[in-house]
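Take a look at the structure set out below.
The values are calculated or read from the model by the stated rules, or taken from the named source; none is laboratory data. Just so we're clear, the structure is a prediction, and the values are computed from it rather than from any experiment. We place every Cβ from the backbone using ideal geometry, glycine too, and count neighbours over all the protein chains shown.
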Amino acid sequence: MMIGDLARKTSTKVNTVRYYEDIGLLPKPARTASGRRTYTESDVRKLSFVRHSRGFGFSIDEIRSLMEISDSPKQDCEAAAKIAQEHLEKIDTQIIQLTSLRDALKSFATSCSGGSAEHCEIIGALNRLNPAVD
């Protein structure tokens, strides 16, 4: 199959397929005599794995590690569990940070009583949080 077919089967942009190949996340494909890339069902599975992993927010390096584990089916999956646990901890930290950000923004947004920008509570709060750098 050609790159467009692979892209459609995996809901991936063609440029993204090329990018994953360039960074070594996907193997370089076979080429026809005219130089066109050709792909197999194995490539569909690999790209689908990458797409699903990205959907869970795994980084490129984490996906590389997970693919190495996947390529060694007899290997203990403890390494995959460790990667997933570390990723979960990062997500939990992000949730705490985003919750704090949401609460602060909600406070700003509800403090606005209208009027001129020079008396705006939102602008004032942002200026207090982020003083101008000389």
* Kindly provide the set of residues from the stretch 25-51 that are buried (at least 18 other Cβ atoms within 10 Å of the Cβ) and of a type in the set (Gly, Ala, Ser), ordered by number. => none
* Would you check if ALA84 is in the same structural domain as LEU126 (by TED's automatic domain parsing) and either surrounded by 12 or more Cβ atoms within 10 Å (Cβ to Cβ) or in a helix (DSSP H, G or I) (or both)? => yes
* For the stretch 104-122, which residues satisfy the criterion of being of a type outside the set (Gly, Ala, Ser) and surrounded by 10 or more Cβ atoms within 10 Å (Cβ to Cβ)? -> LEU105, LYS106, PHE108, THR110, CYS112, HIS119, CYS120, GLU121, ILE122
* To do: Taking only the stretch 1-56 into account, find how many residues are out of contact with any strand residue (DSSP E or B) (no Cβ under 7 Å at 6 or more places or on another chain), over 28 Å from ILE91 (Cβ atoms) and hydroxyl-bearing (Ser, Thr, Tyr).
  => 4
